[in-house]
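The values are calculated or read from the model by the stated rules, or taken from the named source; none is laboratory data. Since we're looking at a predicted model, the values are computed, not measured. Here Cβ is always computed from backbone atoms with ideal geometry, including for glycine, and neighbour counts include all displayed protein chains.
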Amino acid sequence: MRLDGQLSDPSRMDLQWFAEEGNPEPASGEGTNAAEGFATELASASPGSGSESASPDGAQDGQPGGSEGTAKAATPPAPPGWSASLTGATKSNAKIMERIGKFPKADDMVSAYFELEDKQGGMVTLPTESSSPEEIATFYAKIGVPSKPEEYKLDRTDGLDYDDSKESAFKAELHKNHVPQAVANWIYKQMGESTKTAILAYQARKEEDKSALRAKLEKEHGKDYGAFILSMQQGIAKYGTPELMKDLKDSGLEYKESVVRFFASLGLRLKPDSALQRGGQPTVRKSNAEVLGRAILGKE
(Lines give C-alpha, C1' and ligand atoms only; values in the text may rest on other atoms or scores of the structure.)
Protein backbone atom coordinates (compact mmCIF):
# COMPACT_ATOMS: atom_id res chain seq x y z
CA MET A 1 0.00 0.00 0.00
CA ARG A 2 1.32 3.41 -0.87
CA LEU A 3 0.69 6.81 0.67
CA ASP A 4 -1.18 7.94 -2.36
CA GLY A 5 -3.95 5.61 -1.36
CA GLN A 6 -3.49 3.39 -4.40
CA LEU A 7 -3.32 -0.32 -3.84
CA SER A 8 -0.20 -1.95 -5.18
CA ASP A 9 0.58 -5.56 -4.53
CA PRO A 10 -2.45 -6.89 -2.61
CA SER A 11 -0.24 -9.49 -0.94
CA ARG A 12 1.92 -6.98 0.96
CA MET A 13 1.69 -3.60 2.68
CA ASP A 14 4.00 -0.65 2.78
CA LEU A 15 4.82 -0.38 6.54
CA GLN A 16 6.36 3.05 6.07
CA TRP A 17 2.87 4.39 6.58
CA PHE A 18 2.90 3.24 10.18
CA ALA A 19 6.32 4.80 10.88
CA GLU A 20 4.97 8.35 10.64
CA GLU A 21 3.93 10.14 13.80
CA GLY A 22 0.20 10.11 14.09
CA ASN A 23 -2.06 9.22 11.22
CA PRO A 24 -1.32 10.69 7.78
CA GLU A 25 -3.60 13.12 6.15
CA PRO A 26 -6.46 11.39 4.39
CA ALA A 27 -5.58 10.73 0.80
CA SER A 28 -7.85 10.52 -2.07
CA GLY A 29 -8.47 7.27 -3.77
CA GLU A 30 -10.43 4.22 -3.13
CA GLY A 31 -7.78 2.75 -0.84
CA THR A 32 -7.93 5.55 1.70
CA ASN A 33 -10.80 4.28 3.73
CA ALA A 34 -9.34 0.80 3.77
CA ALA A 35 -5.97 2.08 5.05
CA GLU A 36 -7.61 4.11 7.79
CA GLY A 37 -9.69 1.18 8.96
CA PHE A 38 -6.75 -1.16 9.05
CA ALA A 39 -4.54 1.34 10.89
CA THR A 40 -7.27 1.87 13.48
CA GLU A 41 -7.52 -1.85 14.13
CA LEU A 42 -3.76 -2.16 14.53
CA ALA A 43 -3.63 0.84 16.84
CA SER A 44 -6.33 -0.58 19.12
CA ALA A 45 -4.61 -3.96 19.25
CA SER A 46 -1.04 -2.75 19.63
CA PRO A 47 0.74 -3.20 22.99
CA GLY A 48 1.29 0.53 23.23
CA SER A 49 -2.34 1.54 22.83
CA GLY A 50 -4.44 2.94 25.63
CA SER A 51 -3.23 4.96 28.61
CA GLU A 52 -0.06 2.88 29.07
CA SER A 53 2.81 3.68 26.74
CA ALA A 54 5.45 1.16 25.77
CA SER A 55 9.02 1.69 26.83
CA PRO A 56 11.82 1.23 24.29
CA ASP A 57 12.77 -2.19 25.66
CA GLY A 58 9.18 -3.48 25.51
CA ALA A 59 8.26 -2.93 29.18
CA GLN A 60 5.29 -0.91 30.28
CA ASP A 61 5.65 2.26 32.30
CA GLY A 62 6.36 1.53 35.95
CA GLN A 63 7.38 -2.08 35.22
CA PRO A 64 10.93 -3.42 34.86
CA GLY A 65 11.80 -4.50 31.41
CA GLY A 66 14.34 -6.90 29.94
CA SER A 67 17.18 -8.33 31.96
CA GLU A 68 17.35 -5.21 34.12
CA GLY A 69 13.90 -6.05 35.53
CA THR A 70 15.03 -9.36 37.05
CA ALA A 71 14.76 -9.33 40.88
CA LYS A 72 18.10 -9.31 42.62
CA ALA A 73 18.86 -11.76 45.40
CA ALA A 74 18.27 -10.36 48.88
CA THR A 75 21.43 -9.29 50.59
CA PRO A 76 21.85 -10.83 54.04
CA PRO A 77 21.70 -8.32 56.88
CA ALA A 78 24.97 -6.90 58.08
CA PRO A 79 26.40 -8.50 61.24
CA PRO A 80 25.73 -6.57 64.45
CA GLY A 81 28.26 -3.99 65.51
CA TRP A 82 29.62 -6.05 68.41
CA SER A 83 30.85 -8.71 65.95
CA ALA A 84 33.65 -6.35 64.87
CA SER A 85 35.70 -7.67 67.78
CA LEU A 86 35.67 -11.19 66.32
CA THR A 87 38.87 -12.33 64.65
CA GLY A 88 40.42 -15.20 62.79
CA ALA A 89 38.45 -18.12 61.41
CA THR A 90 35.29 -17.01 63.18
CA LYS A 91 35.15 -13.68 61.43
CA SER A 92 36.06 -15.17 58.05
CA ASN A 93 33.29 -17.79 58.25
CA ALA A 94 30.37 -16.30 56.34
CA LYS A 95 27.89 -18.78 57.77
CA ILE A 96 28.84 -17.93 61.35
CA MET A 97 28.68 -14.22 60.67
CA GLU A 98 25.25 -14.61 59.13
CA ARG A 99 23.93 -16.62 62.08
CA ILE A 100 25.12 -14.23 64.75
CA GLY A 101 22.98 -11.62 63.07
CA LYS A 102 20.12 -13.04 65.13
CA PHE A 103 21.67 -11.50 68.23
CA PRO A 104 21.59 -7.67 68.14
CA LYS A 105 23.64 -7.59 71.34
CA ALA A 106 26.45 -9.76 72.60
CA ASP A 107 24.47 -10.26 75.82
CA ASP A 108 21.71 -11.91 73.80
CA MET A 109 24.06 -14.53 72.40
CA VAL A 110 25.62 -15.24 75.81
CA SER A 111 22.17 -15.74 77.37
CA ALA A 112 21.13 -18.06 74.53
CA TYR A 113 24.29 -20.12 74.97
CA PHE A 114 23.80 -20.72 78.68
CA GLU A 115 20.12 -21.52 78.15
CA LEU A 116 21.13 -24.16 75.62
CA GLU A 117 23.76 -25.52 78.00
CA ASP A 118 21.16 -25.89 80.75
CA LYS A 119 18.86 -27.80 78.40
CA GLN A 120 21.65 -30.11 77.35
CA GLY A 121 22.27 -30.92 81.00
CA GLY A 122 18.86 -32.58 81.15
CA MET A 123 19.31 -34.51 77.93
CA VAL A 124 20.31 -38.16 77.83
CA THR A 125 22.65 -39.99 75.53
CA LEU A 126 21.77 -43.54 74.65
CA PRO A 127 24.45 -45.95 75.81
CA THR A 128 26.34 -48.01 73.27
CA GLU A 129 28.40 -51.17 73.42
CA SER A 130 31.44 -49.08 74.21
CA SER A 131 29.78 -47.17 77.06
CA SER A 132 31.31 -47.62 80.50
CA PRO A 133 29.27 -48.95 83.45
CA GLU A 134 29.27 -45.45 84.91
CA GLU A 135 27.85 -43.97 81.70
CA ILE A 136 25.16 -46.65 81.56
CA ALA A 137 24.26 -46.07 85.23
CA THR A 138 24.04 -42.32 84.59
CA PHE A 139 21.67 -42.91 81.67
CA TYR A 140 19.30 -45.10 83.70
CA ALA A 141 19.38 -42.67 86.60
CA LYS A 142 18.36 -39.80 84.31
CA ILE A 143 15.34 -41.68 82.97
CA GLY A 144 14.19 -42.49 86.52
CA VAL A 145 15.34 -46.05 87.21
CA PRO A 146 16.08 -46.51 90.95
CA SER A 147 19.59 -47.64 91.81
CA LYS A 148 18.23 -50.61 93.83
CA PRO A 149 15.07 -52.76 93.56
CA GLU A 150 13.95 -51.87 97.10
CA GLU A 151 13.93 -48.18 96.20
CA TYR A 152 10.84 -48.60 94.02
CA LYS A 153 7.78 -46.95 95.57
CA LEU A 154 4.63 -48.82 94.52
CA ASP A 155 1.10 -47.74 95.44
CA ARG A 156 -1.15 -50.55 96.62
CA THR A 157 -4.84 -50.75 95.81
CA ASP A 158 -7.26 -50.53 98.73
CA GLY A 159 -9.16 -53.70 99.50
CA LEU A 160 -6.51 -56.15 98.31
CA ASP A 161 -4.25 -58.42 100.32
CA TYR A 162 -0.61 -58.05 99.31
CA ASP A 163 2.23 -60.49 99.80
CA ASP A 164 5.42 -58.65 100.70
CA SER A 165 7.67 -61.36 99.30
CA LYS A 166 5.87 -61.35 95.95
CA GLU A 167 6.05 -57.58 95.83
CA SER A 168 9.81 -57.71 96.45
CA ALA A 169 10.20 -60.23 93.63
CA PHE A 170 8.23 -57.92 91.36
CA LYS A 171 10.51 -55.01 92.22
CA ALA A 172 13.53 -57.14 91.38
CA GLU A 173 12.08 -57.84 87.92
CA LEU A 174 11.37 -54.16 87.39
CA HIS A 175 14.94 -53.24 88.23
CA LYS A 176 16.35 -56.06 86.13
CA ASN A 177 14.51 -54.68 83.10
CA HIS A 178 15.43 -51.03 83.88
CA VAL A 179 11.82 -49.85 84.29
CA PRO A 180 11.58 -46.18 85.38
CA GLN A 181 9.89 -45.44 88.70
CA ALA A 182 6.89 -43.66 87.16
CA VAL A 183 6.23 -46.46 84.70
CA ALA A 184 6.67 -49.16 87.38
CA ASN A 185 4.16 -47.51 89.70
CA TRP A 186 1.64 -47.08 86.88
CA ILE A 187 1.94 -50.77 85.99
CA TYR A 188 1.50 -51.81 89.63
CA LYS A 189 -1.58 -49.64 90.08
CA GLN A 190 -3.11 -50.97 86.88
CA MET A 191 -2.49 -54.54 88.04
CA GLY A 192 -4.12 -53.78 91.38
CA GLU A 193 -7.19 -52.14 89.87
CA SER A 194 -7.62 -54.95 87.35
CA THR A 195 -7.32 -57.57 90.09
CA LYS A 196 -9.86 -55.76 92.28
CA THR A 197 -12.31 -55.52 89.42
CA ALA A 198 -11.95 -59.22 88.69
CA ILE A 199 -12.48 -60.15 92.37
CA LEU A 200 -15.63 -58.04 92.64
CA ALA A 201 -17.00 -59.59 89.46
CA TYR A 202 -16.20 -63.07 90.76
CA GLN A 203 -17.93 -62.39 94.06
CA ALA A 204 -20.99 -61.08 92.27
CA ARG A 205 -21.20 -64.20 90.09
CA LYS A 206 -20.74 -66.35 93.19
CA GLU A 207 -23.70 -64.72 94.92
CA GLU A 208 -25.80 -65.16 91.81
CA ASP A 209 -24.90 -68.86 91.62
CA LYS A 210 -25.78 -69.34 95.30
CA SER A 211 -29.15 -67.63 94.98
CA ALA A 212 -30.03 -69.53 91.83
CA LEU A 213 -29.06 -72.87 93.37
CA ARG A 214 -31.06 -72.23 96.55
CA ALA A 215 -34.14 -71.29 94.53
CA LYS A 216 -33.82 -74.42 92.39
CA LEU A 217 -33.40 -76.79 95.36
CA GLU A 218 -36.30 -75.23 97.27
CA LYS A 219 -38.54 -75.69 94.27
CA GLU A 220 -37.35 -79.25 93.74
CA HIS A 221 -37.62 -80.52 97.35
CA GLY A 222 -40.42 -78.37 98.64
CA LYS A 223 -41.15 -79.16 102.29
CA ASP A 224 -38.28 -81.67 102.28
CA TYR A 225 -35.72 -78.97 101.48
CA GLY A 226 -34.58 -78.86 105.10
CA ALA A 227 -33.95 -82.62 105.14
CA PHE A 228 -31.91 -82.33 101.95
CA ILE A 229 -29.74 -79.65 103.49
CA LEU A 230 -29.24 -81.74 106.65
CA SER A 231 -28.00 -84.61 104.52
CA MET A 232 -25.61 -82.33 102.69
CA GLN A 233 -24.26 -80.88 105.93
CA GLN A 234 -23.69 -84.35 107.33
CA GLY A 235 -21.80 -85.37 104.18
CA ILE A 236 -19.56 -82.32 104.50
CA ALA A 237 -19.01 -82.96 108.20
CA LYS A 238 -17.87 -86.50 107.48
CA TYR A 239 -15.88 -86.13 104.27
CA GLY A 240 -15.22 -82.42 103.81
CA THR A 241 -11.62 -82.13 104.91
CA PRO A 242 -10.25 -78.61 105.45
CA GLU A 243 -8.01 -78.99 102.40
CA LEU A 244 -10.90 -80.10 100.19
CA MET A 245 -13.18 -77.31 101.35
CA LYS A 246 -10.44 -74.73 100.82
CA ASP A 247 -9.84 -76.00 97.30
CA LEU A 248 -13.55 -75.85 96.53
CA LYS A 249 -13.75 -72.32 97.82
CA ASP A 250 -10.62 -71.12 96.03
CA SER A 251 -11.79 -72.62 92.75
CA GLY A 252 -15.31 -71.19 93.07
CA LEU A 253 -16.95 -74.64 93.09
CA GLU A 254 -18.41 -74.58 96.60
CA TYR A 255 -21.83 -73.50 95.32
CA LYS A 256 -21.95 -75.62 92.19
CA GLU A 257 -24.99 -77.84 91.99
CA SER A 258 -23.00 -81.01 91.36
CA VAL A 259 -20.90 -80.45 94.49
CA VAL A 260 -23.93 -79.82 96.68
CA ARG A 261 -25.72 -82.91 95.41
CA PHE A 262 -22.57 -85.00 95.87
CA PHE A 263 -22.30 -84.13 99.57
CA ALA A 264 -26.05 -84.63 100.04
CA SER A 265 -25.80 -88.13 98.55
CA LEU A 266 -22.94 -88.93 100.93
CA GLY A 267 -24.99 -87.71 103.88
CA LEU A 268 -27.92 -89.93 102.95
CA ARG A 269 -25.67 -92.99 103.30
CA LEU A 270 -24.70 -92.04 106.82
CA LYS A 271 -26.52 -92.48 110.10
CA PRO A 272 -28.43 -89.26 110.72
CA ASP A 273 -26.59 -86.87 112.98
CA SER A 274 -28.86 -86.25 115.95
CA ALA A 275 -27.43 -82.80 116.49
CA LEU A 276 -28.31 -81.76 112.96
CA GLN A 277 -31.79 -83.19 113.25
CA ARG A 278 -32.37 -81.14 116.40
CA GLY A 279 -31.40 -78.01 114.49
CA GLY A 280 -27.95 -77.89 116.04
CA GLN A 281 -24.53 -78.29 114.48
CA PRO A 282 -22.84 -81.45 113.22
CA THR A 283 -20.61 -83.18 115.73
CA VAL A 284 -17.76 -83.61 113.22
CA ARG A 285 -16.07 -80.81 111.30
CA LYS A 286 -18.93 -78.45 112.01
CA SER A 287 -17.01 -75.49 110.59
CA ASN A 288 -16.85 -77.16 107.19
CA ALA A 289 -20.55 -77.83 107.25
CA GLU A 290 -21.22 -74.20 108.01
CA VAL A 291 -19.12 -73.07 105.06
CA LEU A 292 -21.50 -74.59 102.56
CA GLY A 293 -24.67 -75.72 104.30
CA ARG A 294 -25.52 -72.60 106.22
CA ALA A 295 -24.70 -70.45 103.21
CA ILE A 296 -27.16 -72.31 101.00
CA LEU A 297 -29.75 -72.10 103.74
CA GLY A 298 -29.32 -68.35 103.61
CA LYS A 299 -28.22 -68.02 107.21
CA GLU A 300 -24.84 -66.38 106.55
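Remarks
- Against the test of being hydroxyl-bearing (Ser, Thr, Tyr), surrounded by 12 or more Cβ atoms within 10 Å (Cβ to Cβ), out of contact with any Ser or Thr (no Cβ under 7 Å at 6 or more places or on another chain) and modelled with pLDDT of 95 or more, the options Ser168, Ser194 yield a single qualifying residue, Ser168.
- Within the range 84-106, residues that are in contact (Cβ under 8 Å) with a residue 12 or more places away in the chain sit with their Cβ atoms under 9 Å from residues that are of a type in the set (A, V, I, L, M, F, W, C) and exposed (fewer than 14 other Cβ atoms within 10 Å of the Cβ), at 6+ positions apart or across chains, in these pairs: Gly101/Ala78; Phe103/Val110; Phe103/Ala112.
- Scan the range 228-252 for residues that are under 22 Å from Leu270 (Cβ atoms) and either surrounded by 16 or more Cβ atoms within 10 Å (Cβ to Cβ) or of a type in the set (Lys, Arg) (or both) and the total you get is 15.
Table: residues versus (1) within 25 Å of Tyr202 (Cβ to Cβ); (2) out of contact with any helix residue (DSSP H, G or I) (no Cβ under 6 Å at 6 or more places or on another chain); (3) modelled with pLDDT under 90.
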site	(1), (2), (3)
Lys219	no, yes, no
Gly222	no, yes, no
Ala237	no, no, yes
Leu244	yes, yes, no
Glu254	yes, no, yes
Ser258	yes, yes, no
Arg261	yes, yes, no
Leu266	no, no, no
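- Thr138 being surrounded by fewer than 12 Cβ atoms within 10 Å (Cβ to Cβ), polar (S, T, N, Q) and free of Cβ contacts under 8 Å to residues at least 24 places away in the same chain: no
- Lys148 within 19 Å of Leu126 (Cα to Cα) and exposed (fewer than 11 other Cβ atoms within 10 Å of the Cβ): no
- Residue in the range 139-146 that is at pLDDT 95 or above and of a type outside the set (Gly, Ala, Ser) present: yes
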